[in-house]
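Everything below concerns the one structure shown next.
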Amino acid sequence: MLEVRDLVVWYGPVPALHGVSLSVEEGGSVALLGANGAGKTTTLRTISGLIRPRSGMILWQGKNLVGLPPEAIARKGIGHVPEGRGLFPELTVWENLKMGAYLRRDFRADLPWIFEIFPVLKERLRQMARTLSGGEAQMLAIARALVGRPKLLLLDEPSLGLDPIHTARVFLALKEIKEAGVSLLLAEQNAYKALEVCTHAYVLELGFVQIWGPTQELRSAEAVRRIYLGG
Amino acid sequence: MKARILPLTLLVLALLLPWATGFSGYILYLLGQVGVNALAALGLNLLMGLAGQISLGHAGFVAIGAYVSVLLEMRVGLSFLPSLLAALIACALLGAVIGLPALRLSGFYLAVVTMAFGLVTTQVITNLDSLTGGPHGIRNIPWPKIASLTVESDLAMYFLILAFLLLGLWFYQNIRRSRTGRALQALRDNELSSQAFGIHVARYKLIAFVCSAVYAGLSGVLYAHQVRYINPNDFSIFLSLSYMAMIVIGGLGFASGALMGSLVFTLLPYFLTRMAWLTWVIQGFAILFILRLAPFGLVGAWNTLKLKMLRPSSLLTRLISKVGFTRKS
Amino acid sequence: MLLPLLIGGLANGGVYGLVALGLVWLHRSYGVMNFAHGEMALFVTFLSFFLVQLGWPLSGAFLAALLAAALLGWLVERLLLRPFAGSSPLSLVIATMGLLMALNGLSSGIWGTLPQRFPPALAGPPVRLASWPVQRQDLLILGVLVFSALVLFGFLFFTKFGLASRAAVQNPWMARLLGVSINKVYGASWALSAALAALASILFAPKTVLTTSMMMSVLIKGFTAGVLGGFNSLPGAILGGVCLGVMENLMAFYVSTQWKDSLALALIVLVLLVRPEGLLGKKETQRV
């Protein structure tokens, strides 16, 4: 469904990605692992159109997405929960959700399901998004992306800055989302948790894909253990 | 040495120009106007081009220079040079006063405040009509008298303006190359970082405002004595906008930019005699073009062009690529 | 004497408030201080005057002017400012000044520099309000102000596109990730801003003389109103405008009429130095 081929990205004179390739199948769940600065965020931002690559292709259901503006890519069914969540601070929780459904007509049918996964949001509907705690904000960001009924959901470090309880809740939610049929591409530093949810993984280091494969293989791979020291 | 040739040539040309034009009073008058505007434009260039502070009230200082010197001469009886000095001091003081709010304000708001200043100055002059003659202005301004000489011909006026212009240019280039100039440019490029580096932001901002006000005042004094009739409408916001157009199109920060801009836009209305409005349209669109295509103005673009043409390596590269020497692997 | 003063002041304030509303909205949604705001309005006001001279009914000319303003705003964004997308704010501001000059020149060139009398929308003798005479045009201005504020509020808070516009102010990239076509939002913001300015200008023109320099002082008062109310607050813009209008009139009556514009200057400087966020604005921090 999504195939990234030899993506090369430079930030001005600084190279960030040196030919990254990966693929996500329909209904699949793929983890993008690596330390800070490895290129995970850059990869996601290039896929969703925020960055233009120097070369390479991003094939979505056969069509190349490179060069399209973010709006157009969103219309194709790719949702992105960016690093830092990207909430609209002066809009209410409800309004943030409404924005998530910008490309759709009526999203009220989805609400029961959303509130099942993220019950805390139901209580905070009228509150301004900037008043939410870290965990709640993350829930809102994911819920907002879900409301758009994406086919593929890109998530950038959803567990960043969250305590273990909230982290567990987020990953539980991701499991449920996966079961509902949404494909996931998850960038995470917390490899342990990411590998619980995803079936495949790619490990990035300094802009290169170092290892990739099904989760089972990676769990036992020497290289992964080396990079993560059991983390 | 090479850098000196062009300015020296221009200087000689400027000195010989009256003879070359057959001492035509009309042309000398026009060139005098160019010089007057160039002085004001230099001042604004110091403020906007070097220090990066927007001012839409420049014409206000020109007005103050003009009116203070003229009133001192005609009502109090001072002669030219003392009243000139007084006018410059007045402008310097007011420049400092306007500079004070500038210390705390950033781009947009500074532009608004200076715009208001310009409008208010004109209003104040118009309202104090018993003193200033109000909207009718002041006529029959006397020719300048310096020592025992009276400057009363277009030729003499031309040389007087030229003298002051040269002084202004010399001072501008000196400032630009000095420590003060570098501090101002650092200020322009990034104010917060400048502060972090220990540059005393407030002091330099004030210096910029005071100097630019003095230039404007000088321009105003010379204007009043060349045209010998002033009224508040001569110094409207449209004049401030004109100066800004001159330096943006000529080249922000470059002394030659101020000269070039002043030359083009002082003379342009005379070529578009019955279509004064067209000058505005041209100035406006020229600003848009320049900002987009040649942000460093005409002078900046010319400099870039010179570099490109004279660099041997680039010439060679272009030749090679034309011949197809490099192959794609 | 107080009531007519107040109403007159409120009406002038309504004009300033409408101008400020357009300025503040554009600043919030696009990030630029549009110095050409007044001239854009002036241009379409001349256009509408021209249409009236051709025999159009005033209401038709009014509407045509509003539409022309919206179109002009949209065109300016599309053709003149989008090429400047990556430039510094300083460049953008200077660009709007260039636009100011060009539009002013065009207005003079097309319609001449002679002052004109613009017919008032509501002609007729002053209305009696509590036994004081009140100009009909003033009442109209107040009515339009309230109506515009309500319409704007309704648009921003009750429509999808309005919500998208507000979201785009807070985080334009995220809005794009959610499918919002940011260029449409910007174009609409410019159109809206220009229409508000045109509204103010057409209502104001009958109260003064229509010339090419008419909008300069109105623009500066619009800026003052915006600063007074807080340049990131829409209700503040209206409040600032109304306050300025009333203060001006009070000062004109009790002190003198000549110094009205100086009041605006004094106010701007005072507010920016003492309380830069204005009456209703929020404090902003600067990032390096």
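Scanning segment B:282-295 for residues that are more than 8 Å from every other protein chain (Cβ to nearest Cβ) and surrounded by fewer than 19 Cβ atoms within 10 Å (Cβ to Cβ), which turns out modelled with the highest pLDDT?
Going through the qualifying residues, I end up with B:289.
Residues that are of a type in the set (Asp, Glu): list the helices (runs of 4 or more DSSP H) wholly contained in segment C:174-288 that include at least 1 such residues. Break it down stepwise before answering.
On the way: elements: C:182-204, C:214-229, C:234-254, C:260-274.
Output list reads C:234-254, C:260-274.
One residue is enough: does segment B:92-99 have a residue meeting the conditions surrounded by fewer than 20 Cβ atoms within 10 Å (Cβ to Cβ), assigned to a helix (DSSP H, G or I) and within 14 Å of another protein chain (Cβ to nearest Cβ)? Quick ask: steps written out before the conclusion?
Applying the first criterion (surrounded by fewer than 20 Cβ atoms within 10 Å (Cβ to Cβ)) to segment B:92-99 yields B:92-93, B:96-97.
From what is left, the residues that are assigned to a helix (DSSP H, G or I) are B:92-93, B:96-97.
If we keep only those that are within 14 Å of another protein chain (Cβ to nearest Cβ) too, we end up with B:97.
Yes, because at least one residue in segment B:92-99 is surrounded by fewer than 20 Cβ atoms within 10 Å (Cβ to Cβ), assigned to a helix (DSSP H, G or I) and within 14 Å of another protein chain (Cβ to nearest Cβ).
Go over the candidates A:66, A:4, A:8 one by one and state the one that is assigned to a loop (DSSP other than H, G, I, E, B) and either of a type in the set (Lys, Arg) or surrounded by 15 or more Cβ atoms within 10 Å (Cβ to Cβ) (or both). Lay out the reasoning, then the answer.
On the way: A:4 fails: assigned to a loop (DSSP other than H, G, I, E, B); A:8 fails: assigned to a loop (DSSP other than H, G, I, E, B).
On inspection, the qualifying residue turns out to be A:66.
Please verify whether residue B:214 is assigned by TED's automatic domain parsing to the domain that holds residue B:26 and surrounded by 18 or more Cβ atoms within 10 Å (Cβ to Cβ), treating the condition exactly as stated.
On the way: assigned by TED's automatic domain parsing to the domain that holds residue B:26: yes; surrounded by 18 or more Cβ atoms within 10 Å (Cβ to Cβ): yes.
Judged against the criteria, residue B:214 is a match.
Could you identify the single residue in B:217, B:168, B:181, B:137 that is more than 30 Å from residue B:78 (Cβ to Cβ) and either in contact (Cβ under 8 Å) with a residue 60 or more places away in the chain or in contact with a strand residue (DSSP E or B) (Cβ under 8 Å, 6 or more places away or on another chain) (or both)? Break it down stepwise before answering.
Values: B:217 fails: more than 30 Å from residue B:78 (Cβ to Cβ); B:168 fails: more than 30 Å from residue B:78 (Cβ to Cβ); B:137 fails: more than 30 Å from residue B:78 (Cβ to Cβ).
Within the list B:217, B:168, B:181, B:137, the selection yields B:181.
Just the residues that are more than 7 Å from every other protein chain (Cβ to nearest Cβ), over 20 Å from the mean Cα position of the chain (by Cα) and either of a type in the set (A, V, I, L, M) or part of a loop (DSSP other than H, G, I, E, B) (or both), please, taken from segment C:73-118.
If the condition is that a residue be more than 7 Å from every other protein chain (Cβ to nearest Cβ), over 20 Å from the mean Cα position of the chain (by Cα) and either of a type in the set (A, V, I, L, M) or part of a loop (DSSP other than H, G, I, E, B) (or both), then C:79, C:85, C:86, C:87, C:88, C:110, C:112, C:113, C:114, C:115, C:117 are the ones that fit.
Per-residue answers, yes or no, for (1) more than 26 Å from residue C:118 (Cα to Cα); (2) at pLDDT 90 or above:
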| position | (1), (2) |
| --- | --- |
| C:177 | yes, yes |
| C:181 | yes, yes |
| C:201 | no, yes |
| C:222 | no, yes |
| C:231 | yes, no |
| C:236 | yes, yes |
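Output the number of residues of segment A:28-48 satisfying the condition of being of a type outside the set (S, T, N, Q), part of a loop (DSSP other than H, G, I, E, B) and surrounded by 23 or more Cβ atoms within 10 Å (Cβ to Cβ). Working first, answer last.
To start, the set of residues in segment A:28-48 that are of a type outside the set (S, T, N, Q) comprises A:28, A:30-35, A:37-40, A:44-45, A:47.
Those left that are additionally part of a loop (DSSP other than H, G, I, E, B): A:28, A:34-35, A:37-39.
Subsequent filtering for residues that are surrounded by 23 or more Cβ atoms within 10 Å (Cβ to Cβ) retains A:34, A:38-39.
Final tally of qualifying residues: 3.
If you scan segment A:40-92, which residues turn out to be closer than 26 Å to residue A:12 by Cβ, without any contact (Cβ under 8 Å) to a residue 60 or more places away in the chain and among the aliphatic types (A, V, I, L, M)?
A:50, A:51, A:57, A:58, A:65, A:66, A:68, A:72, A:73 - these are the residues of segment A:40-92 that are closer than 26 Å to residue A:12 by Cβ, without any contact (Cβ under 8 Å) to a residue 60 or more places away in the chain and among the aliphatic types (A, V, I, L, M).
Looking for something within 17 Å of residue A:156 (Cα to Cα) and away from chain C (no Cβ under 13 Å) - is there at least one such residue anywhere in segment A:112-134? Don't jump to the end; show me each part of the working.
Residues of segment A:112-134 within 17 Å of residue A:156 (Cα to Cα): A:134.
Pick out the ones that are also away from chain C (no Cβ under 13 Å) and you get A:134.
Yes, there is a match, as at least one residue in segment A:112-134 is within 17 Å of residue A:156 (Cα to Cα) and away from chain C (no Cβ under 13 Å).
Which condition number does residue C:30 fail, the rest of (1) farther than 27 Å from residue B:290 by Cβ; (2) within 14 Å of chain B (Cβ to nearest Cβ) being met?
(1)
Determine, yes or no, whether residue B:219 is in contact with a Leu (Cβ under 9 Å, 6 or more places away or on another chain), at pLDDT 90 or above, surrounded by 19 or more Cβ atoms within 10 Å (Cβ to Cβ) and assigned by TED's automatic domain parsing to the domain that holds residue B:262.
Values: in contact with a Leu (Cβ under 9 Å, 6 or more places away or on another chain): yes; at pLDDT 90 or above: yes; surrounded by 19 or more Cβ atoms within 10 Å (Cβ to Cβ): yes; assigned by TED's automatic domain parsing to the domain that holds residue B:262: yes.
Yes; evaluated as a whole, the condition is true for this residue.
Kindly indicate the residue of segment A:55-108 that is at the interface with chain C (Cβ under 9 Å from one of its Cβ atoms) and of a type in the set (Gly, Ala, Ser) and also farthest from residue A:183 (Cα to Cα) among those meeting that condition.
This residue is A:86.
Table: residues versus (1) modelled with pLDDT under 90; (2) of a type in the set (Phe, Trp, Tyr); (3) within 24 Å of residue C:150 (Cβ to Cβ).
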| residue | (1), (2), (3) |
| --- | --- |
| C:19 | no, no, yes |
| C:24 | no, no, yes |
| C:30 | yes, yes, yes |
| C:35 | no, yes, no |
| C:45 | no, no, yes |
| C:54 | yes, no, no |
| C:59 | yes, no, yes |
| C:64 | no, no, yes |
| C:72 | no, no, no |
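Can you go through A:117, A:177 and tell me which one is farther than 25 Å from residue A:58 by Cα and either crowded, with 17+ Cβ neighbours inside 10 Å or modelled with pLDDT under 90 (or both)?
Of the residues listed, the single one that is farther than 25 Å from residue A:58 by Cα and either crowded, with 17+ Cβ neighbours inside 10 Å or modelled with pLDDT under 90 (or both) is A:117.
Working carefully through the options C:82, C:117, find the one that is within 27 Å of residue C:248 (Cα to Cα) and of a type in the set (Lys, Arg).
Details: C:82 fails: within 27 Å of residue C:248 (Cα to Cα).
After ruling out the rest, the residue left standing is C:117.
Is it the case that residue C:174 is facing chain A (nearest Cβ under 10 Å) and of a type in the set (A, V, I, L, M)? Explain how you work it out, then say what you get.
On the way: facing chain A (nearest Cβ under 10 Å): yes; of a type in the set (A, V, I, L, M): yes.
Yes: the conditions hold for residue C:174.
Table: residues versus (1) more than 14 Å from chain B (Cβ to nearest Cβ); (2) closer than 30 Å to residue C:157 by Cα; (3) in contact (Cβ under 8 Å) with a residue 12 or more places away in the chain; (4) over 14 Å from the mean Cα position of the chain (by Cα).
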{"residue": "C:210", "(1), (2), (3), (4)": "yes, no, yes, yes"}
{"residue": "C:220", "(1), (2), (3), (4)": "no, yes, yes, no"}
{"residue": "C:255", "(1), (2), (3), (4)": "no, no, no, yes"}
{"residue": "C:258", "(1), (2), (3), (4)": "no, no, no, yes"}
{"residue": "C:262", "(1), (2), (3), (4)": "no, no, no, yes"}
{"residue": "C:266", "(1), (2), (3), (4)": "no, no, no, yes"}
{"residue": "C:271", "(1), (2), (3), (4)": "no, yes, yes, yes"}
{"residue": "C:275", "(1), (2), (3), (4)": "no, yes, no, yes"}
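Which residue is nearest to residue A:171 (Cα to Cα), if the candidates are limited to segment A:23-54 and must be within 14 Å of chain C (Cβ to nearest Cβ) and polar (S, T, N, Q)? I'd like the intermediate steps shown before the answer.
Step one: list which residues in segment A:23-54 are within 14 Å of chain C (Cβ to nearest Cβ), which gives A:41, A:44-52.
When the remaining residues are screened for being polar (S, T, N, Q), the result is A:41, A:46, A:48.
Details: A:41: 19, A:46: 24, A:48: 22 Å.
Going through the qualifying residues, I end up with A:41.
Of the residues A:70, A:13, which single one is out of contact with any Pro (no Cβ under 8 Å at 6 or more places or on another chain) and either modelled with pLDDT of 90 or more or among the charged types (D, E, K, R) (or both)?
Values: A:13 fails: either modelled with pLDDT of 90 or more or among the charged types (D, E, K, R) (or both).
Every option except A:70 fails the conditions.
Tell me whether segment B:129-143 contains one or more residues that are in contact with a helix residue (DSSP H, G or I) (Cβ under 6 Å, 6 or more places away or on another chain), among the small types (Gly, Ala, Ser) and either more than 30 Å from residue C:278 (Cβ to Cβ) or surrounded by 18 or more Cβ atoms within 10 Å (Cβ to Cβ) (or both).
Yes, some residue in segment B:129-143 is in contact with a helix residue (DSSP H, G or I) (Cβ under 6 Å, 6 or more places away or on another chain), among the small types (Gly, Ala, Ser) and either more than 30 Å from residue C:278 (Cβ to Cβ) or surrounded by 18 or more Cβ atoms within 10 Å (Cβ to Cβ) (or both).
Return the residue satisfying two criteria in turn: it lies in segment A:209-218 and is among the hydrophobic types (A, V, I, L, M, F, W, C) and within 19 Å of the chain's Cα centre (by Cα), and of such residues it is farthest from residue A:55 (Cα to Cα).
Restricting attention to segment A:209-218, the residues satisfying the condition of being among the hydrophobic types (A, V, I, L, M, F, W, C) are A:209, A:211-212, A:218.
Imposing the further condition that a residue be within 19 Å of the chain's Cα centre (by Cα) reduces the set to A:209, A:212.
Numbers: A:209: 16, A:212: 22 Å.
Looking at residues that are among the hydrophobic types (A, V, I, L, M, F, W, C) and within 19 Å of the chain's Cα centre (by Cα), I get A:212.
Would it be correct to say that residue B:161 is in contact with a strand residue (DSSP E or B) (Cβ under 9 Å, 6 or more places away or on another chain), in contact (Cβ under 8 Å) with a residue 60 or more places away in the chain, among the aliphatic types (A, V, I, L, M) and buried (at least 19 other Cβ atoms within 10 Å of the Cβ)?
Values: in contact with a strand residue (DSSP E or B) (Cβ under 9 Å, 6 or more places away or on another chain): no; in contact (Cβ under 8 Å) with a residue 60 or more places away in the chain: yes; among the aliphatic types (A, V, I, L, M): yes; buried (at least 19 other Cβ atoms within 10 Å of the Cβ): yes.
The answer is no for residue B:161.
Scan the helices (runs of 4 or more DSSP H) fully inside segment B:237-317 and keep the ones with 3 or more residues being closer than 23 Å to residue B:173 by Cα.
On the way: elements: B:237-250, B:255-271, B:276-293, B:297-310.
Result: B:237-250, B:255-271, B:297-310.
The values are calculated or read from the model by the stated rules, or taken from the named source; none is laboratory data. All figures in this text were calculated on a predicted structure; none of them were measured in a lab. FYI the Cβ positions are ideal-geometry reconstructions off the backbone, even for glycines, and counts take in every protein chain you see.
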